[in-house]
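Colleague: A single structure is presented below for examination.
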Amino acid sequence: MFLLKTAFFCSAFTVLALSNTTASAASQRIDEARYILYLPADLQPNVKYPLVVALSPSADAESLLRVWQAPSERYKWIVLASKEFRNGTGREVLSYLASLIREITAAYPVDTKRIVTTGISGGGMGAHAMALFYPDLISAVIPNTGMIHRNHISSRRSEYPRGKIAVFLASPTDFRYQEMKGDREFLESLEWQTLWIEFAGGHTFAPEDVYLSAAEWLKGQWERSQ
């Protein structure tokens, strides 16, 4: 609880700064025990921005920020990278993340209709799970060589949300490639809008230009739905 109170103190200060200046000229990084929050430069007062919630199979928040920093700066997306989510974590971690998202959106200039979960490998599976269990929060998913948990397709099909957005970052030499193809078909059957982007390299992060392309396409989808 102390960590969350600390986060709220920093958040309130940031919002106050944004409301009293023409822009936040420099990017900001807020490093807490359980997460890193990154705010890109030149955020404008009285404007709401998308939030990207990034998950790693090994709680490696730094690697998540490296791949998301360029899209964050270009498109002005706030990034929340988890230091706690990892392969094998249970629903309690997802519940904590949902609570944290609500706290971040209450304290920072976040557009609550544009919250994205993303992740590599098991982090991608976690990103899908967040969309399933918290559809009121999550509008889009960007899995990087990560699949939907098979139980979530087989036993929770009737619970799965409809009409959201997914961008699949897939590599033909990745061992999850075929499962991701099946995930795309599954989500499209539920009226999700999807984009499939392939890259070389196997089970690894996609290159920066792939992340930029994913962000550009998703931005277009949001703009067309307004």
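Colleague: Against the conditions (1) assigned to a helix (DSSP H, G or I); (2) touching a helix residue (DSSP H, G or I) at 6+ places or on another chain (Cβ under 6 Å); (3) within 30 Å of N46 (Cα to Cα); (4) of a type in the set (A, V, I, L, M, F, W, C), where does I101 fall short? Just the number, please.
Modeller: Only one criterion in (1) assigned to a helix (DSSP H, G or I); (2) touching a helix residue (DSSP H, G or I) at 6+ places or on another chain (Cβ under 6 Å); (3) within 30 Å of N46 (Cα to Cα); (4) of a type in the set (A, V, I, L, M, F, W, C) is unmet by I101, namely (2).
Colleague: Only residues that are of a type in the set (F, W, Y) and either surrounded by fewer than 17 Cβ atoms within 10 Å (Cβ to Cβ) or more than 10 Å from T145 (Cα to Cα) (or both): list them for the range 200-226, please.
Modeller: Of all residues in the range 200-226, those of a type in the set (F, W, Y) come to 205, 211, 217, 222.
Within the range 200-226, Y211, W217, W222 meet the criteria.
Colleague: Here is a further query. Whether any residue in the range 69-92 is surrounded by 16 or more Cβ atoms within 10 Å (Cβ to Cβ), at pLDDT 95 or above and farther than 24 Å from D136 by Cα is what I want to check.
Modeller: Yes.
Colleague: Residues in the range 129-144: is at least one modelled with pLDDT under 95 and either buried (at least 17 other Cβ atoms within 10 Å of the Cβ) or within 14 Å of A166 (Cα to Cα) (or both)?
Modeller: Checked the range 129-144: no residue is modelled with pLDDT under 95 and either buried (at least 17 other Cβ atoms within 10 Å of the Cβ) or within 14 Å of A166 (Cα to Cα) (or both).
Colleague: If you don't mind, there's one more thing I want to ask. Of everything in the range 194-222, what is outside any helix (DSSP H, G or I), closer than 12 Å to I142 by Cα and of a type outside the set (A, V, I, L, M, F, W, C)? Give them in sequence order.
Modeller: Selection gives T194 alone.
Colleague: Ok, one more. Quick test for you: out of S154, S121, pick the one residue that is at negative phi and out of contact with any helix residue (DSSP H, G or I) (no Cβ under 9 Å at 6 or more places or on another chain).
Modeller: Testing whether each residue is at negative phi and out of contact with any helix residue (DSSP H, G or I) (no Cβ under 9 Å at 6 or more places or on another chain) leaves just S154.
Colleague: A further question on this structure: Here's a check for you: in the range 168-216, which residue that is within 22 Å of A129 (Cα to Cα) and aromatic (F, W, Y) is farthest from the chain's Cα centre (by Cα)?
Modeller: First, the residues of the range 168-216 that are within 22 Å of A129 (Cα to Cα): 168-171, 174-197, 203-206, 211, 214-215.
From what's left, aromatic (F, W, Y): 168, 175, 177, 186, 192, 196, 205, 211.
Working: F168: 13, F175: 23, Y177: 20, F186: 20, W192: 17, W196: 17, F205: 14, Y211: 12 Å.
Out of the qualifying residues, it is F175.
Colleague: Here is a further query. Looking at Q178, Q193, which is the one that is touching a helix residue (DSSP H, G or I) at 6+ places or on another chain (Cβ under 9 Å), at pLDDT 95 or above, among the polar types (S, T, N, Q) and surrounded by fewer than 22 Cβ atoms within 10 Å (Cβ to Cβ)?
Modeller: After ruling out the rest, the residue left standing is Q193.
Colleague: Residues that are closer than 25 Å to S58 by Cα, of a type outside the set (S, T, Y) and in a strand (DSSP E or B): does the range 84-92 have at least one?
Modeller: The answer is yes; a qualifying residue exists.
Colleague: Which one is nearest to G123 (Cα to Cα), of the residues in the range 149-175 that are surrounded by fewer than 15 Cβ atoms within 10 Å (Cβ to Cβ) and among the basic types (K, R)? Give the derivation first.
Modeller: Narrowing the range 149-175 to residues surrounded by fewer than 15 Cβ atoms within 10 Å (Cβ to Cβ): 150-151, 154-159, 162-163, 172-173, 175.
With the extra rule that they be among the basic types (K, R), the set shrinks to 150, 156-157, 162.
On the way: R150: 15, R156: 19, R157: 21, R162: 21 Å.
Filtering first and then ranking leaves R150.
Colleague: Is it the case that the range 145-157 has a residue that's touching a Ser or Thr at 6+ places or on another chain (Cβ under 8 Å) and aliphatic (A, V, I, L, M)? Explain how you work it out, then say what you get.
Modeller: First pass over the range 145-157, keeping only residues touching a Ser or Thr at 6+ places or on another chain (Cβ under 8 Å): 145-146.
The next check asks that each one be aliphatic (A, V, I, L, M); those that pass are none.
Scanning the range 145-157, I find no residue that is touching a Ser or Thr at 6+ places or on another chain (Cβ under 8 Å) and aliphatic (A, V, I, L, M), so the answer is no.
Colleague: Would you be able to tell me the number of residues in the range 138-177 that are aromatic (F, W, Y) and either in a loop (DSSP other than H, G, I, E, B) or touching a residue at least 60 places away in the same chain (Cβ under 8 Å) (or both)?
Modeller: Final tally of qualifying residues: 2.
Colleague: Another question, if that's okay. Scan the range 1-49 for residues that are β-branched (V, I, T), surrounded by 12 or more Cβ atoms within 10 Å (Cβ to Cβ) and at pLDDT 50 or above and report the count.
Modeller: So the count comes out to 2.
The values are calculated or read from the model by the stated rules, or taken from the named source; none is laboratory data. Just so it is clear, the structure is predicted and the values come from calculations on it, not from any experiment. All Cβ positions, glycine included, derive from the backbone under ideal geometry; neighbour counts span all protein chains shown.
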